[in-house]
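Notes follow once the structure below has been shown.
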Amino acid sequence: MNRTMMTATNTLNQLQSKIDQISNDIANVDTTAYKKTQTSFNDLLTQSFNNQPSETKEKGRLTAPRIRQGTGAMISQSQLVLSQGALKTTDSNLDAAFTRDDQFFTVSVQDDNGVNTRLTRDGAFYLSPNANDQMMLVTSAGHKVLDENGEPILIEGNIKDIKISENGLLIVDTEENGEKSFGLGIVSVKKLQFLDRLGGNLLGLPKNFTALGVTEDDIMTALTGDSRNQAAVRQGTLESSNVDLSKEMTDLINVQRSYQFQSRAVTMADQMSGLVNGIR
């Protein structure tokens, strides 16, 4: 009975993590450029018991020999799904969306760990007043949008028009200085599995990622110079979340039923233990 309870309890913990992941995806169904998470399960440690030492008595058996007893299930993999979300037209000159799955904008984020560069596909940009009568390009959360050199984008003068080209150039026309272009910081991610979800629709490199035997260049490539032509940006549009609400609700129901089944297994094991302890 104790083995049954441990197996069910192990699985319950993992199912709860799956429920939390689905709930997070559902909560962000309307978040711009949000990417859902896909998880898969695998068996924990299993043991094989040889209950039939005489193989001659197993002739005609269709299943594998021996009895295998597991210790529950676990989440074996959890990864982002970068499939393209639907594009919606906003007609705002400061809105931009990628039309390729692997590309991200670079932004500067200040948190408890200092100032760090993060990645996002949320192209809902705004102009925020800065010192010296300058305007700074920021995200909807107020994070500084970086250029191809890793510096904040500062605009001087009275703005007449703003355009974002397909290769990610921000072209600003001002009354005082005429047209001036800024290369938006864009990277192409080659190894998504090495990035961490950091909240706020942001991704970033994990701490001590070099200990994993990879470099930053192995994980992502900055699109600068001639490689900028690989960028695929569309102005006046925003990318929707790629969360399929109907599928997430179906998955949630299935996981909840599995959770109820495992909870019932714990209850039955407890009842059987009570019966055994009550024997006199």
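The values are calculated or read from the model by the stated rules, or taken from the named source; none is laboratory data. In this text the structure is predicted, and so the values were computed from the model without any measurement. Neighbour counts run over all protein chains shown; Cβ positions are idealised from the backbone, glycine included. Ligands, DNA and RNA are stripped out before the accessible areas are found, and what is left, the full protein with its side chains, is counted by its heavy atoms. Shrake-Rupley method; radii C 1.70, N 1.55, O 1.52, S 1.80 Å.
The table that follows gives values for the structure above.
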| item | result |
| --- | --- |
| Lysines whose Cα lies under 21 Å from that of K190, excluding same-chain neighbours fewer than 8 positions away | K35, K36, K207 |
| Rounded tilt (10° steps) of 245-277 against the dominant C-alpha axis of the chain | 30 degrees |
| Intensity falloff of the chain expressed as log10 I(q)/I(0), Debye formula with alpha-carbon point scatterers, at q = 0.10, 0.12 Å⁻¹ | -0.68, -0.86 |
| Kirkwood Rh in Å, taken over segment 1-156 so that all alpha-carbon pairs contribute | 20.6 Å |
| Estimated 222 nm signal from helices in the chain, with DSSP H stretches of n ≥ 4 weighted -39500 (n - 2.57), rounded to 500 | -8000 deg cm²/dmol |
| Length-normalised contact order for the chain - Cα pairs under 8 Å, 6+ apart - percent | 26 percent |
| Cα-projected label distance for L192 with Q110, points at 7 Å along beta-carbon direction, nm | 3.2 nm |
| Placed amide H near N242: partners under 5 Å, 5+ positions off or other chain | Y34, K36 |
| In nm, spacing of pseudo-spin labels at N93 and S23 (7 Å Cα→C-beta vector) | 4.4 nm |
| Semi-axes of the equivalent ellipsoid for segment 172-270, Cα gyration tensor, largest first, Å | 45, 22, 12 |
| Full-stretch length increase - E156, T56 - with 0.36 nm per residue and alpha-carbon distance subtracted | 27.2 nm |
| Accessible area per residue, Å², segment 1-137 with all protein chains present, probe 1.4 Å | 59 Å² |
| Dipole moment magnitude, nearest 20 debye, the chain about Cα centre, only Lys, Arg, Asp, Glu C-beta charged | 2280 debye |
| Segment 154-257 - percent of accessible surface contributed by carbon and sulfur, probe 1.4 Å | 46 percent |
| Principal-axis tilt of helix 2-27 within the chain, Cα atoms, nearest 10 degrees | 20 degrees |
| Selected from F104, P65, L119, residue furthest toward positive end of dipole (segment 55-128; charges at beta carbon) | P65 |
| Net lengthening on full extension, D217/R100 (0.36 nm per residue, minus Cα-Cα) | 40.2 nm |
| Phi-based couplings in Hz for segment 154-160 (Karplus 6.51, -1.76, 1.60; Gly and Pro marked x) | 10, 10, 10, x, 7, 7, 9 |
